[in-house]
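Have a look at the structure below before the remarks.
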Amino acid sequence: MVYSSGYECDIGPHVFPVEKFRLIRDALVAAHDVEPERLLDPDPAPREDLLLVHTAEYLEDLAELRWTPRTLYSELPLTPEIVRAYRLAAGGTTLAAREALSSGFGIQLGGGFHHAFADRAEGFCYINDLAVAIRVLLRDGRIARAAVVDLDVHQGNGTAAIFRGDARVFTLSLHQELNYPMPKQHGVLDVGLPNGIGDAEYLRLLDGALQRVWEFAPEIVLYQAGADPYREDLLGGLMLTFEGLEARDHRVLEGCATRRIPAVVTLGGGYARDRNDTVRIHATTCRIAMRLCDAAAAERIR
């Protein structure tokens, strides 16, 4: 499990609850799900790793804190603290991916900034940590194929655009069709959901989509486990319950475990009316991954 206090940065009054990273960590520690000393503290992703995904011109804008057409659509301030938080997230997701290759699961208590494009920011996202982690593993020869299973309520448009035409990466996005972003990007498999869809229909469509992922036979899955399909989310229009979201997590993570595919959890979005609901949803995802990791370790010992 990977966490940095630097994930929480001052973005001013905002709908994005950056404090959720700390609150999820605190909830897991308080429940004795994880010991604080076992949390891995990432370093910021180095420039050479970021350049595997992002253009030099865009990275220079971030480093110099320049407002340009490349940074303008982040819908966030631009400060050294914020840029460092996004570099930490990219380093954290990369670290979680490396851990997943050795232990079966890696949990990133942050990340999932799937709206960042190679050459620009969008939608609260400056650096696409999912793409950085995959490109680092590919560069280092650790994997030959990867999949992104993006179950945020919003399409992972940046991720889809970055990997378009790259046969080594399968991108699945199951999202609310009539929601941000508009227009959508084309990934390998995009499933646009109608407004107000509930647990049963959502899970039925997810099952079919996951079958395509398994057929691709990825050597790692990055699971964008957004909490915003929840029925009480302020930025979503789906009607999933706590139980439906937990069933969603089981389908993805157990599917990986059964097939011995290493899996990485990133948190993505979550904007519930009651912030505690967002924390509960994310913490449940982490607990499912931890239980499966423990079961896999026990199986190896036997």
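The values are calculated or read from the model by the stated rules, or taken from the named source; none is laboratory data. Note that the structure is a prediction, hence the values are computed from the model and not measured. Methodologically, a virtual Cβ is constructed for each residue, glycine included, from the backbone with ideal geometry; neighbour enumeration extends over all protein chains shown. Remember, those area values only see protein heavy atoms, side chains included, never the ligands or the DNA or RNA. Shrake-Rupley method; radii C 1.70, N 1.55, O 1.52, S 1.80 Å.
Numbers for the structure displayed
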| item | result |
| --- | --- |
| Given (1) in a helix (DSSP H, G or I); (2) open to solvent by 40 Å² or more (accessible area, probe 1.4 Å); (3) closer than 30 Å to ALA296 by Cβ, index of the condition LEU52 fails | (1) |
| Positions within region 211-233 being in contact with a helix residue (DSSP H, G or I) (Cβ under 7 Å, 6 or more places away or on another chain), surrounded by fewer than 19 Cβ atoms within 10 Å (Cβ to Cβ) and not in a loop (DSSP other than H, G, I, E, B), in sequence order | TRP214 |
| Given (1) part of a helix (DSSP H, G or I); (2) open to solvent by 20 Å² or more (accessible area, probe 1.4 Å); (3) in contact (Cβ under 8 Å) with a residue 24 or more places away in the chain, number of the condition VAL252 does not satisfy | (2) |
| Of all residues in region 14-42 being open to solvent by 50 Å² or more (accessible area, probe 1.4 Å), among the charged types (D, E, K, R) and out of contact with any Leu (no Cβ under 8 Å at 6 or more places or on another chain), the one that is nearest to TYR271 (Cα to Cα) | ARG22 |
| Subset of region 55-64 [open to solvent by 40 Å² or more (accessible area, probe 1.4 Å) and either closer than 21 Å to LYS20 by Cα or without any contact (Cβ under 8 Å) to a residue 60 or more places away in the chain (or both)] | GLU60, ALA63, GLU64 |
| Any hit, region 260-275, residues being touching a Phe, Trp or Tyr at 6+ places or on another chain (Cβ under 8 Å) and in a helix (DSSP H, G or I) | no |
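For every residue, the table says whether it meets (1) open to solvent by less than 40 Å² (accessible area, probe 1.4 Å); (2) within 18 Å of ARG251 (Cβ to Cβ); (3) part of a loop (DSSP other than H, G, I, E, B).
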site	(1), (2), (3)
LEU172	yes, yes, no
LEU178	no, no, yes
GLY187	yes, no, yes
ASP190	no, no, no
ILE197	yes, yes, yes
LEU203	yes, yes, no
ALA209	yes, yes, no
